[in-house]
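Student: Got a structure here, written out as structure tokens. Questions coming.
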Amino acid sequence: MKTNLLLLDTKKNMENLIFSGFNLSNQLHRKLKIVYVMDFNWIGGSGFVDPTASSIDANIRVAEKALRKDFEEAESEMRHAIGKYLESNPQNIHYEVSVEEDSRMTIVNDTIQEDGDVLLLMSNYNSYSGLTTGTINYPNIIDKVSCPVLILPDDAPSVSLNSFLYATAFHPEDFKAMRHLKEIASGAENRELTVFHNLETTAFEDILKWTGFKTMTKESVDGIRLRFAHTREKNVREGLKKYLEDEDPDVVVILKEEKGFFEDLFSSSETHYVVTHFNRPVLIYHEKNLKK
């Protein structure tokens, strides 16, 4: 079954994220699985708190107490938010709600094994870094999962999936990603895909590659309205910033490469910055998964 998996590990703006999850699942005609997950074994381990911090034990106790309290309150608050949403937006969406003491990777992998076609929904908020100690390490799950990840701004209760901006660096896996994107968004109306590239030089070879890629895209991706756009900035980050000053796509789509074009843009240390800086949904595909 096609499933949207919404992972929550903080109550911060939880209602907005649940509303977005239902809104997306309704648009895309997919099941919604909402899981509030917390790995207390990891919290008690050495990877949770910065080992250079003073009073490590005290930091762990403070953090675990706050997280345990949220965890115990999560299910009732999730069900309250769901009831509130469905009261205002009656919908026939198959959904599941659970609270799990487990690792996030286990939840994702189990869902993929059970349902197959999974889109992981996550907040753009780095939950653990919000604790007052400032010493919490937060592992980047985006690098590890084998399914597409949609990062959602947690300050908006709804998300539209009509217009997509796909940033490319001319990879063969781009076409697989765009075709998969077309299938994911098949339930949305007036779908439009803008393929974006930043031309860092005006060399003939670069212009020729861009022209050829546009032709190949038209031949490889059908069933969705295609547009093409490019900028001429010093790097792709500046190009995206420039483009988004004048255009307003619903979702930015990026192929996270094993190395190269997006290595700096989407390194583990900068992922949080990028998905919060653009303040819009960011859909991430993984080059290594599309090669399978």
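The values are calculated or read from the model by the stated rules, or taken from the named source; none is laboratory data. The shown structure was predicted, so the numbers you read here are calculated from the model rather than taken from an experiment. In this analysis, Cβ positions are derived from the backbone assuming ideal geometry, glycine residues included, and neighbour counts consider all displayed protein chains.
Student: Taking the stated definitions as given, is Arg79 surrounded by 13 or more Cβ atoms within 10 Å (Cβ to Cβ) and at pLDDT 85 or above?
Tutor: yes
Student: Continuing with this model, one more query. Just for strands (runs of 3 or more DSSP E) wholly inside segment 177-292: which have at least 1 residues that are touching a strand residue (DSSP E or B) at 6+ places or on another chain (Cβ under 9 Å) and at pLDDT below 85?
Tutor: The strands (runs of 3 or more DSSP E) meeting that bar are 251-256, 282-286.
Student: Still on this model: How many residues are within 17 Å of Gly21 (Cβ to Cβ) and under 13 Å from the mean Cα position of the chain (by Cα) when one looks only at segment 146-162?
Tutor: The qualifying residues number 9.
Student: While we're here: Quick one: is Arg68 surrounded by 12 or more Cβ atoms within 10 Å (Cβ to Cβ), modelled with pLDDT under 90 and in a helix (DSSP H, G or I)?
Tutor: yes
Student: If you don't mind, there's one more thing I want to ask. Residue pairs, Cβ under 8 Å, 6 or more apart or interchain, first in segment 168-183 and touching a residue at least 40 places away in the same chain (Cβ under 8 Å), second part of a helix (DSSP H, G or I) and of a type in the set (Ser, Thr, Tyr). List them.
Tutor: Once the first residue is touching a residue at least 40 places away in the same chain (Cβ under 8 Å) and sits in segment 168-183, its partners that are part of a helix (DSSP H, G or I) and of a type in the set (Ser, Thr, Tyr) give Asp174/Thr217; Phe175/Thr217; Phe175/Ser220; Met178/Thr217; Met178/Ser220; Arg179/Ser220.
Let's see how each residue does on (1) closer than 30 Å to Val221 by Cα; (2) modelled with pLDDT of 85 or more:
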{"site": "Pro90", "(1), (2)": "no, no"}
{"site": "Glu96", "(1), (2)": "no, yes"}
{"site": "Gln113", "(1), (2)": "yes, yes"}
{"site": "Thr135", "(1), (2)": "no, no"}
{"site": "Ile141", "(1), (2)": "yes, no"}
{"site": "Asn162", "(1), (2)": "yes, yes"}
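Student: Name the single residue, out of those in segment 17-46 being modelled with pLDDT of 85 or more, surrounded by fewer than 19 Cβ atoms within 10 Å (Cβ to Cβ) and out of contact with any Leu (no Cβ under 8 Å at 6 or more places or on another chain), that is nearest to Glu87 (Cα to Cα).
Tutor: Ranking the qualifying residues of segment 17-46, first place goes to Asn26.
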